[in-house]
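Here the structure is laid out as structure tokens; the discussion comes afterwards.
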Amino acid sequence: MQFKEFNFHPRVAAGISAAGYVAPTPIQDQAIPPVMAGRDVMGLAQTGTGKTAAFTLPILHRLEQGERSVVRALIIAPTRELAEQINNAVTVLGKQTRLRSITVYGGVNVNPQIAKLKRGVEIVVACPGRLLDHINQGTIDLSRLEILVLDEADQMFDMGFFPDIKRILGKLPQQRQTLLFSATMPEEIRGLAREILSDPVTIQVGNTAPPVTVTHAIYPVEQHLKTPLLLELLNHTDTESVLIFTRTKHRAKRLGEQLEKAGYQAASLQGNLSQNRRQAALDGFRDGTFQILVATDIAARGIDVSQVSHVINYDITDTPEAYVHRIGRTGRAAKSGDAFTMVTSEDGAMVRTIEKKLGTQLERRIVEGFDYTVPAPKKDQEFARPPRQPQPRKIKPEAKPASQVNSSNKSGGHKPDSRERNPSALPAGPSKRQVRRASSGHR
């Protein structure tokens with residue numbers, strides 16, 4: 001099947017051709033017809049399957065006809081990076097339609113967002129927190145909304161956005177088309193789907209299975225030797241672009257710095273960075289400026305880089321679904337990829353759970369020539385936070401007695417004298433003592 005068989009509006013079809021799309025992916029093939037027909041859809045698909053275009057193209061097709069300068073489609077995503085990625089797809093695929101879109105998320109100045117919303121847009125791609133701010137402040141009008149998309153719903157649940165999502169849903173028109181996409185489908189997501197979807201079409205692609213083009217390997221190692229082993233792997237492995245996952249933001253930052261010191265073109269992507277720095281890291285990884293990107297799971301949602309040759313789990317995942325989601329970023333577009341996972345003695349239970357999920361045992365590897373016998377330091381300093389510098393205490397000036405305060409005011413302090421208060425006042429004459437001294441001086 002080819003895209004032309006969907007009979008998109010000519011301007012949308014022009015955008016598809018300009019983007020180089022020819023044949024739809026399985027999720028696109030199954031989702032586009034019901035979405036174009038106005039049906040609610042619940043889609044289960046992992047990263048890299050093409051689900052962004054699966055809902056973007058039908059939205060552009062529908063909005064090409066009808067009112068302009070009002071918000072008619074709302075797409076909610078868990079992270080700023082994913083919101084930007086979706087908006088970029090809207091911009092590229094909808095270039096000929098002249099439909100206008102905006103990204104709405106926190107961490108940046110709200111005023112440009114308000115100004116653009118006032119000028120009028122048809123598509124809003126938003127993160128829940130900042131969107132709720134706009135709703136509460138009355139700076140966005142969603143009364144004529146026609147289509148709602150919840151993308152990466154499982155990640156929004158993991159990040160604690162469900163209360164915000166439910167408040168947002170309460171502000172939207174009841175008559176609308178709703179699309180829900182998720183990489184995994186825990187019971188909480190199914191419950192939400194039952195609440196907000198009306199007679200939905202359910203689409204499941206891939207059964208959250210990892211790409212068959214990915215080779216898996218487990219590297220047993222003690223925690224204190226992970227970084228030396230990582231450097232050894234990078235030094236002896238033919239890599240292109242490497243995506244490294246850590247469990248915490250602080251570890252991602254420190255590991256990125258250590259890789260830079262070792263001579264690698266590396267950057268970290270984690271929540272403490274400003275939006276400009278996060279975008280610069282992501283853009284640099286896409287265009288090859290950075291060979292290595294160290295990221296947390298949450299920050300990595302929205303990373304869509306087809307040239308990733310290796311995914312390295314510096315820290316193992318908390319769930320088998322998260323493992324599949326991580327390694328799904330390599331082995332794309334029929335290219336081969338490698339997934340390396342460093343595991344400690346404490347990770348055995350999760351390794352067995354992942355193997356059960358995959359239906360196969362993961363290969364254990366030992367790096368020849370690497371010294372696994374180096375003892376752990378008495379105190380782990382590798383990822384220790386730098387001590388806070390002591391702040392000098394501010395010494396408060398002692399309060400002056402009232403008599404000193406009065407005398408200082410009289411002697412030309414900040415309190416103005418009578419002449420300053422009344423410039424027309426005459427200067428006081430000399431005192432009697434001054435007169436006596438002056439007369440005695442002439443004797």
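Values quoted throughout were computed directly from the atomic coordinates according to the rules given, and no laboratory measurement underlies them. Note that the structure is a prediction, hence the values are computed from the model and not measured. As a convention, Cβ positions derive from the backbone with ideal geometry for all residues, glycine included, and neighbour counts pool all protein chains shown.
Per-residue counts of other Cβ atoms within 10 Å, averaged by peptide: what ranking do you get for 153-159, 289-295, highest first?
289-295, 153-159
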Separation of alpha-carbon centers, the stretch 153-231 and the stretch 86-138, rounded to whole Å: 23
Violating pairs (Cα-Cα greater than 25 angstrom) within the set K226/K261; K249/K357; K226/K253; K95/K118; K51/K226; K51/K166: K249/K357; K51/K226
Simple spin-label estimate for T139 and A19 in nanometres, 7 Å along Cα-Cβ: 2.9
Prolate/oblate/rounded call for the stretch 3-206, Cα gyration tensor, a/c under 1.5 rounded: oblate
Length released on extending from E363 to T202, taking residue separation times 0.36 nm less the Cα-Cα span: 54.4 nm
Anisotropy class of the stretch 82-149 from Cα gyration tensor, a/c 1.5 cut: prolate
Sites matching GluC sites (Glu not before Pro) across the stretch 32-123 that sit in DSSP coil, with at most 14 neighbouring C-beta atoms within 10 Å: E67
Where labels lie 7 Å past Cα in the beta-carbon direction, separation of S336 and T353 in nm: 3.2
Computed FRET value (nearest 0.05) for E5 with I114, which takes r as the C-beta separation and R₀ as 51 Å: 0.75
For peptides 15-24, 321-330, 239-248, 226-235, sequence by mean Cβ density within 10 Å, most packed first: 321-330, 239-248, 226-235, 15-24
Whole-number percent relative contact order across the stretch 3-206, with pairs defined as alpha carbons under 8 Å at least 6 apart: 30
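Enter the per residue convex hull volume of the stretch 214-358, computed from alpha-carbon coordinates, in Å³ rounded to the nearest integer.
103
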